[in-house]
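The values are calculated or read from the model by the stated rules, or taken from the named source; none is laboratory data. None of these values were measured; they are calculated from a predicted model. Every residue, glycine among them, receives a Cβ derived from its backbone with ideal geometry; neighbour counts consider all protein chains shown.
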Amino acid sequence: MVKHVCMALPTNRACANAITDLYREAEYAVRHFPVAASVLIVDTSTDSALAANRAAVNKLPRTDGISVAHLDNNTQVSLLLQITTEPSLVRQLLPETCSYGAATNRLFLFANWLGCQSVHRRDSDSRYQRCDQDAVYPIAAELPHIFCDKLESSWMLEQPPPARALEPNWIVGGSFIGPPSVDLSGLKQASRSILAKLLKLTVPDGIEIPGDVLLRRFDSVAEPHLVDEFTLQDHAKFRVDLCNIAFRDIQQHLPVPNITDTIGSDYFSLELLRRAGRVPVMHNRHIVNQYLDNRQAEQSQPIYQRRLVNYVLYMCLFNWLAKAATSVFTDAHEIRLQPLRDRIGAAYDETRAQVENHLDQMTAWHLTLPGMYREMGRTLRTRRNPILTWYKEEVKQFEALLGAWPTLMLRARELGSAMAVDPMDRYA
């Protein structure tokens, strides 16, 4: 039976090369596997960047079995308003400020609208490795496994079956080579010890992880591709990045937090899987990550430093919710949203003191450093109350999203069916 897969790319910048490369990966998929592919570009860029992306889409060839949906900001708003009648949910799913979580949730919703059974996410600041002149497409490692359970994967790979062998492969993914998307080099150079202390704040109470280990989580530990390798059950090798990941079914049940101005929230379901003791299928068809000029520009550094601070605060919420991880993923191979709903109502009250303490510690540490970091400390000190209000509102919004998610995904699927989406149409 032919499966319908979504090759998904969120972007807020001009990325003609990434769009072309993604389409070529889709062509590879339909040539080598029994699939139809929808190339989904969820685009919040404007003006010349949007025009460049539209031009790139219009230059793509027509290939049997491949459709292209290029959704600009206005189209996304229109679709979201048909999926939900709650303006607050639309604002949460398409906020004015940066939200990696919201971008991921929109991919999930619009993939459902297109009728897709799996979501294969890439990023606009990435490219593919090459081996013997051929592109190393992650889809070649994802498709053999994403519609299987772990027992079937173990047979294909001639590996011992892992625990919970009949559990579906909800996630298949790889990592990246090249510079990390989260650049910690400036703070590491200013004070490696303060950076280590800051990252230790993200660790659940009662768990000790050395600072160097935490620092390595943001670095590339991947090797260039030579031959395909897979891991089914090694927790020590758990390393999957959102630029190189495939989802099946898990996105139907679990949204990620639409938290603004932070990093890491789009990893929610992946990290929840880790906390539940599960391991996704991991491969070594790693994406090549690239630094973009705007990330390295001096004026951008405070933005990324503020997102790192917000990430530490977000992890207070995640660690509280993750205590229910083993109840979310059951031994009957189900994914249950209710355990998260049961905890989210008390999340703010239960984490408020920790959030305040972490914010005060980070403020004090930044004030001991020179230059931009001291200025960040002053900003954190003067904006303490607005930051705490931001955290409270983000928790409340995630509570609303958890309550609405199954209905949103169902409505997106019904909307696509009612519109009789033609798989060869282009929504540009």
Selection count, region 96-118, where residues are modelled with pLDDT of 95 or more, in a loop (DSSP other than H, G, I, E, B) and over 16 Å from the mean Cα position of the chain (by Cα): 4
Residue match in region 119-126 (condition: in contact with a strand residue (DSSP E or B) (Cβ under 8 Å, 6 or more places away or on another chain), at pLDDT below 95 and either over 25 Å from ARG13 (Cβ atoms) or of a type in the set (S, T, N, Q) (or both)): yes
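Looking at THR85, THR75, which one is modelled with pLDDT of 95 or more, within 29 Å of GLY403 (Cβ to Cβ) and surrounded by fewer than 20 Cβ atoms within 10 Å (Cβ to Cβ)?
THR75
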Single residue of region 171-181 satisfying the filter (part of a loop (DSSP other than H, G, I, E, B) and touching an Asp or Glu at 6+ places or on another chain (Cβ under 6 Å)) that is farthest from ARG274 (Cα to Cα): PRO180
Candidates PHE218, PHE230, PHE247 - the one that is over 30 Å from ILE344 (Cα atoms) and under 22 Å from the mean Cα position of the chain (by Cα): PHE230
Residue in region 253-262 that is assigned to a helix (DSSP H, G or I), among the acidic types (Asp, Glu) and surrounded by fewer than 22 Cβ atoms within 10 Å (Cβ to Cβ) present: no
Any hit, region 282-302, residues being assigned to a loop (DSSP other than H, G, I, E, B), within 28 Å of ARG383 (Cβ to Cβ) and in contact with a Lys or Arg (Cβ under 6 Å, 6 or more places away or on another chain): no
Flag for VAL39 being closer than 18 Å to ARG122 by Cα and under 23 Å from the mean Cα position of the chain (by Cα): yes
Cβ-Cβ under 7 Å pairs, at least 6 apart or on other chains, region 333-346 side under 21 Å from ARG164 (Cα atoms) and touching a residue at least 40 places away in the same chain (Cβ under 8 Å), far side assigned to a helix (DSSP H, G or I) and of a type in the set (Ser, Thr, Tyr): ARG336/SER327
Options LEU369, LEU317, LEU380: the member that is among the aliphatic types (A, V, I, L, M), under 26 Å from the mean Cα position of the chain (by Cα) and on the phi < 0 side of the Ramachandran plot: LEU317
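I'd like the full set of residues that are hydrophobic (A, V, I, L, M, F, W, C) and either farther than 18 Å from VAL203 by Cα or touching a strand residue (DSSP E or B) at 6+ places or on another chain (Cβ under 7 Å) (or both), limited to region 314-364.
The first filter runs over region 314-364 and keeps only residues hydrophobic (A, V, I, L, M, F, W, C), leaving 315-318, 320-322, 324-325, 328-329, 332, 335, 337, 340, 344, 346-347, 353, 355, 359, 362, 364.
Of everything in region 314-364, those that are hydrophobic (A, V, I, L, M, F, W, C) and either farther than 18 Å from VAL203 by Cα or touching a strand residue (DSSP E or B) at 6+ places or on another chain (Cβ under 7 Å) (or both) turn out to be VAL328, PHE329, ALA332, ILE335, LEU337, LEU340, ILE344, ALA346, ALA364.
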Single residue of region 209-228 satisfying the filter (part of a loop (DSSP other than H, G, I, E, B) and charged (D, E, K, R)) that is modelled with the lowest pLDDT: ASP219
Residue match in region 57-78 (condition: basic (Lys, Arg), outside any strand (DSSP E or B) and touching a residue at least 60 places away in the same chain (Cβ under 8 Å)): yes
Residue in region 246-293 that is nearest to TRP390 (Cα to Cα), counting only those that are in contact (Cβ under 8 Å) with a residue 40 or more places away in the chain and among the hydroxyl-bearing types (Ser, Thr, Tyr): THR260
Residue within region 109-118 that is more than 21 Å from VAL2 (Cβ to Cβ) and either among the aliphatic types (A, V, I, L, M) or buried (at least 23 other Cβ atoms within 10 Å of the Cβ) (or both) present: yes
Selection within region 383-428 - farther than 24 Å from ILE250 by Cα, in contact with a helix residue (DSSP H, G or I) (Cβ under 9 Å, 6 or more places away or on another chain) and at pLDDT below 95: MET419, ARG426, TYR427, ALA428
Neighbours by Cβ (under 7 Å, 6+ apart or cross-chain): first from region 182-207, assigned to a helix (DSSP H, G or I); second hydroxyl-bearing (Ser, Thr, Tyr): LEU187/TYR373; ALA190/TYR373
Any hit, region 332-340, residues being in a helix (DSSP H, G or I) and crowded, with 16+ Cβ neighbours inside 10 Å: yes
